[in-house]
Amino acid sequence: MPADVAIATAKVLFALFLALQIMGLGVFFERKVSALIQDRIGANRAAIFGFAGLGLVNTLIADPIKFLLKEDITPAQSDRLLHFIAPCASLVPALATFAVVPFGDVLALGGRLINLQGAELNVGLLFVLAMASLGVYGVVLAGWASNNRWSLLGGIRGSAQMISYEVAMGLALIGVVLTYNTLDLQEIARAQGRLLWGWLPAWGILYQPLAFVVFLVAGIAESKRIPFDLPESESELVSGYFTEYSGAKHLMFMMSDFVEVVLVAALVTTLFFGGWQVPYLARDGFHFPWGTAVALPSLVVALLQVTAFALKVIAFTWLQIVIRWTLPRFRYDQLMRLGWKGLLPVSLANVMVSALLVLLAGRGA
Amino acid sequence: MTAPVFLLLAVLVVAAALTVVAHPSPVYSACALVVTLFLLSVFFVALDAQLVAVLQVIVYAGAIVVLFLFVIMLLNLTQPESRPTAGVPVVAVAVGGGIGIAALVAAALRRVPPAGAPALPEGFGDTAALARRLFTAYVLPFELTSVLLLVAIVGAVGLASRKG
């Protein structure tokens, strides 16, 4: 029993570690990619104890230290309890979702097969949606508790936006569930290991291209970043729902946005791009379509899979940051039109067509 | 679920539920309602009903109460000027109703066989088993409920557009 508890703890900690490391890398991209896109050098001024040699890396260390040491101000007329709870309510659901995202297949260690997934939940995909819907509370409560009109406007915009895009997101996921016939993310990742015509990995993007587009757009909207940053929109609402936050609490709101970016990347990877699958890599090693087979120990296979998963997630994190620095912000009516008149009908049609195809094929793909 | 965990959760959920009705601020009441619904879903998990637990969070905690909060914030409802005071008849009805419900629950509990719950059938509470029941044995009530919801939506849109 103690071994089981230790393994379960280690898996959850590793999932969180992976998520937070990629988040740190995301901040690095945010600085560097934005500088490249805007043709400037980017942050290079931080010197720690007079040492500025590492440039941007220094900045990455200096940033959180600065946030943690700043004065934490609670406005006099605010609701103190809810003002305190809101940043936690924003960050916790985003981090908790990583518990069900698989980061590898199985690892054979000391006579046990360890499933490389934080928590094995047979309703994993619904858990993702549940946590996404709880994430709204951080925004709403922050907006209300600050007792500031900009904050309140940001909070109201945020809740309307997140509720609207959750609908399209959930319907896009139904297409995926129809394809794989399961709600368990690990099963979905495993099902993508099959080969079509003996050489093409059967990744979800081949079966559900529309669901991929809808899910990615809705996911970016859920993370409340440009072009969907209406709740924040600094040119109209100062900083929107977190105008009245400073120091570590402000950091928590920024972190939860970035964690959501990584989360969307991880979910897109798991649902549509094979998750931890490396093409032609099975549990006992590579089996290439031209007949060559390379046997590998379980540890090496698991390492390759975790690396592949991390690289795919990093790629989609990078994609979202490029989108963020390329597009302008939507107007509010454009945002609602895209959500309700664009994504919703498309995802409904996707569900209908997917269900019809599954029915004609006689079974899940 | 072990007894201490159950007791702790039970105390928390009752406290949260009391906060919903007793707190003067509507925003706090709504937040306490979220906590109540979330803790109830923990009970569902303990009863091997993971699907019901997750649906509880998605539908009630995640969607319905968010709309409550949205409306409270939009109308900027703060604490009411004067709280309506309940007259003696209202209190009497409330206390009588409470005692009645407690008596009913107690009577129902007496019929439940004592400890040693039967083993759960294979696949209990999982999505496939629940969906199969829902779309075979209970398909008519299920479809009727969806029609009812549709009628409610059409009615709401109709009422809203007539004003405008």
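The values are calculated or read from the model by the stated rules, or taken from the named source; none is laboratory data. The structure presented is a predicted model; accordingly, all values stated were derived computationally and were not measured. We place every Cβ from the backbone using ideal geometry, glycine too, and count neighbours over all the protein chains shown. For accessibility, only protein heavy atoms count, side chains too; no ligands or nucleic acids. Shrake-Rupley method; radii C 1.70, N 1.55, O 1.52, S 1.80 Å.
At 222 nm, what value in deg cm²/dmol follows for chain A if DSSP H runs of at least 4 each add -39500 (n - 2.57) and the sum is divided by all its residues, to the nearest 500? Walk me through the numbers before you get to the answer.
On the way: 14 runs with 228 residues, N = 365.
Computed ellipticity for chain A at 222 nm equals -21000 deg cm²/dmol.
What does the convex hull of the Cα atoms of segment A:117-241 come to per residue, in Å³, rounded to a whole number?
111
Where is the GNM fluctuation largest for chain A (alpha-carbon springs, 10 angstrom cutoff): A:ARG157, A:ARG194, A:ARG40?
Greatest mean-square fluctuation among the candidates belongs to A:ARG40.
From the residues A:VAL106, A:VAL346, A:LEU126, which one has its Cα farthest along the dipole of the protein assembly as shown in the positive direction, the dipole being from +1 and -1 charges on Cβ of Lys/Arg and Asp/Glu about the Cα centre?
The one lying farthest along the dipole's positive direction is A:VAL346.
Can you tell me the Rg and Dmax of segment A:75-364, counting just the alpha carbons, in angstroms?
20.6, 72
Enter the angle in degrees (range 0 to 90, nearest 10) between the Cα long axis of helix A:344-361 and the first principal axis of the Cα atoms of chain A, meaning the one along which they spread out most.
The answer is roughly 10 degrees.
How high is the FRET efficiency from A:TRP340 to B:VAL21, r the C-beta distance, R0 30 Å, rounded to 0.05?
Between A:TRP340 and B:VAL21 the formula returns 0.30.
Using Cα pairs closer than 8 Å and at least 6 residues apart in sequence, work out the relative contact order for segment A:190-233, in percent.
Computed over segment A:190-233, the figure is 18 percent.
For q values of 0.07, 0.08, 0.10 Å⁻¹, compute log₁₀ I(q)/I(0) with the Debye formula on a Cα-only model of the protein assembly as shown, without solvent.
The calculated log intensity ratios at q = 0.07, 0.08, 0.10 Å⁻¹ are -0.46, -0.61, -0.95.
With everything on Cα atoms, drop me the angle between helix A:124-134 and the longest principal axis of chain A, reported from 0 to 90° to the nearest 10.
For A:124-134 against chain A, the angle is about 10 degrees.
Using the crude model of +1 on Lys and Arg Cβ and -1 on Asp and Glu Cβ, and no other charge, please compute the dipole size for segment A:75-364 relative to its Cα centre, in debye to 20.
Roughly 280 debye, rounded to the nearest 20.
Using only the alpha-carbon atoms, how far is helix A:149-180 inclined from the longest principal axis of chain A? Give it as 0 to 90 degrees, nearest 10.
0
Let me test this: with uniform point scatterers at the alpha carbons of segment A:290-338, what is the Debye-based log₁₀ I(q)/I(0) at q = 0.23, 0.25, 0.32 1/Å?
With no solvent term, the Cα-only Debye profile gives -0.90, -0.94, -1.05.
For segment A:85-92, just list the computed ³J(HN,Hα) in residue order, Karplus coefficients 6.51, -1.76 and 1.60, θ = phi - 60°, integers in Hz, with x standing in for Gly and Pro.
Once θ is set to phi - 60°, the couplings for segment A:85-92 become 6, 3, x, 5, 5, 7, 7, 4 Hz.
Quick one: Debye curve from the alpha-carbon atoms of segment A:209-298 only, equal weights, vacuum; give me log10 I(q)/I(0) at q = 0.22, 0.26 Å⁻¹ to two decimals.
-1.05, -1.20
Please compare each pair in A:LYS11/A:LYS312; A:LYS249/A:LYS341; A:LYS66/A:LYS312 to a cut-off of 27 Å on the Cα-Cα distance and tell me which ones are over it.
Violating the 27 Å Cα-Cα cut-off are A:LYS249/A:LYS341; A:LYS66/A:LYS312.
Using a 1.4 Å probe on the protein chains only, how many percent of the accessible area of the protein assembly as shown belongs to carbon and sulfur? Let's see the in-between values first.
On the way: 20530 of 28030 Å².
Of the solvent-accessible surface of the protein assembly as shown, carbon and sulfur hold 73 percent.
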